[in-house]
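A.B. asks: This is the structure, below, for whatever I ask next.
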Amino acid sequence: MLQTPLIGFHKDAGARLVDFAGWEMPVVYAGIIEEHNHTRNHATFFDVSHMGRVRFRGNDAEALLERLNTRAIAGMAVGQSRYSHMLREDGGILDDVIVTRLEDHFLVVCNASNRVKLLDWWDRHLAGTDVQITDETTETAMIAIQGPEAIETIESLLPFQVSDLKRYHCRAGFIAGAEYIISRTGYTGEDGLEIIMPAAFAPSAAHMLVEKSAEKGRPILPAGLGARDTLRTEAAMPLYGHELTEEWDPISAGQAWVVKFEKEFIGRDTCLRVRDAGPMRKLIGLEVDSKRTPRQGAVIRADGEDVGVVTSGVSSPTLGRVIAMGFVPPQLAEAGTSLEVVISRDVAPARVVAMPFYKRG
């Protein structure tokens, strides 16, 4: 099992560690609800070093990434990031990624579970191109600082400004000889930053972050994968393997906004056919009248008939009720539609609601 550069920090902090996509990762420290609420009200940091970090260099790097991605890559400004999908020829989603243009190359951040698969996929498209791909996942670390106090607190700890960064933009540079990339992105529904640094610097950076923020009376506390899941579900952010898989295309997955049809990309023909015909299903948000949480794969019913499936479900700490995402036929996707969710042997009433479930003020 792989370990991030912060494994010692996690153990010292009393985290419960689990196998996540082949990495030993913290699922919880003090408690999921406590970590969730601290993120919503103050700021926490997540170790996201398990996510892939791969550099694309060479004269043809832009052209290759333009072909591999559903979003437009050509024309991105230096320091700009874009969320995108990478597809198979038949439109199946290989992964959702963030592509960043740096001064003389590109950085692609991908999901841990898909990194090896993507490295093989990219290698298949390198023939005849001037592109060099470097996987720096194990040589670097990445932490995400999220919450309404994140920007102001981090800015007070760094020797440069970060509050001027726009959403989905980044800044790269060096501190004490160590290269860093700071981007204003996240996966919680809150404002925040993600910082990439050399692996050797990560433990001291994490301890400094916790200690110095506490000294300022604005403690940034560690949070685990459990809180990360409840936060992203409230914000209706898709998770690969749940809302996104190789079994369906971005249009069918409710992510049509990431598809730029005005350009050519791998999988475009399938996406175009689905768009023109209309998807057979639609991603919906549900409020579930139950104290129990529906898990991925739970059946959604209408008038006693099986009509869909839950992809994610949590008991929302912020909203105080059970929420879920799932797929149903388009005619059942209107807000206010009454449905049912099968939880073990029980059938719980549910209602379609608008997403995101939570949106910061």
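A.B. asks: Out of the residues in the stretch 158-175 that are in contact with a Ser or Thr (Cβ under 7 Å, 6 or more places away or on another chain) and not in a loop (DSSP other than H, G, I, E, B), which is surrounded by the fewest Cβ atoms within 10 Å (Cβ to Cβ)?
C.D. replies: Filtering first and then ranking leaves H169.
A.B. asks: Then there is this: For the stretch 218-232, give me each residue that is of a type in the set (D, E, K, R) and either part of a strand (DSSP E or B) or touching a strand residue (DSSP E or B) at 6+ places or on another chain (Cβ under 7 Å) (or both).
C.D. replies: R228, D229
A.B. asks: Then there is this: Please verify whether G128 is surrounded by fewer than 20 Cβ atoms within 10 Å (Cβ to Cβ) and without any contact (Cβ under 8 Å) to a residue 24 or more places away in the chain, treating the condition exactly as stated.
C.D. replies: yes
A.B. asks: Then there is this: Pick from the stretch 282-314 the residues that are of a type in the set (K, R) and in contact with a Gly (Cβ under 7 Å, 6 or more places away or on another chain): which of them is surrounded by the most Cβ atoms within 10 Å (Cβ to Cβ)?
C.D. replies: This residue is K282.
A.B. asks: Could you identify the single residue in L94, L64 that is within 18 Å of the chain's Cα centre (by Cα), among the hydrophobic types (A, V, I, L, M, F, W, C) and more than 26 Å from D191 (Cβ to Cβ)?
C.D. replies: When all the criteria are applied, what remains is L94.
A.B. asks: Please report, ordered by residue number, the strands (runs of 3 or more DSSP E) entirely within the stretch 249-361 with at least 2 residues that are farther than 28 Å from Y83 by Cβ and among the β-branched types (V, I, T).
C.D. replies: Those strands (runs of 3 or more DSSP E) span 338-343.
A.B. asks: Given the criteria buried (at least 22 other Cβ atoms within 10 Å of the Cβ) and in the same structural domain as A199 (by TED's automatic domain parsing), does I93 qualify?
C.D. replies: Taking the combined requirement at face value, the residue does not satisfy it.
A.B. asks: Here is a follow-up. Just to verify a result, which residue in the stretch 10-35, among those that are aliphatic (A, V, I, L, M) and in a helix (DSSP H, G or I), is surrounded by the fewest Cβ atoms within 10 Å (Cβ to Cβ)?
C.D. replies: Taking the candidates together, the pick is I33.
A.B. asks: Restricting to the stretch 283-323, name every residue that is without any contact (Cβ under 8 Å) to a residue 40 or more places away in the chain and hydrophobic (A, V, I, L, M, F, W, C).
C.D. replies: A302, V307, V309, V310, V322
A.B. asks: Can you find a residue that is under 30 Å from E34 (Cβ atoms), buried (at least 16 other Cβ atoms within 10 Å of the Cβ), in contact (Cβ under 8 Å) with a residue 24 or more places away in the chain and hydroxyl-bearing (S, T, Y) anywhere in the stretch 327-348?
C.D. replies: For the stretch 327-348, residues under 30 Å from E34 (Cβ atoms), buried (at least 16 other Cβ atoms within 10 Å of the Cβ), in contact (Cβ under 8 Å) with a residue 24 or more places away in the chain and hydroxyl-bearing (S, T, Y): absent.
The values are calculated or read from the model by the stated rules, or taken from the named source; none is laboratory data. It should be emphasised that the depicted structure is a prediction, and the values quoted were computed from it without experimental measurement. Positions of Cβ are generated from backbone atoms using ideal geometry, with glycine treated the same way; all protein chains shown enter the neighbour counts.
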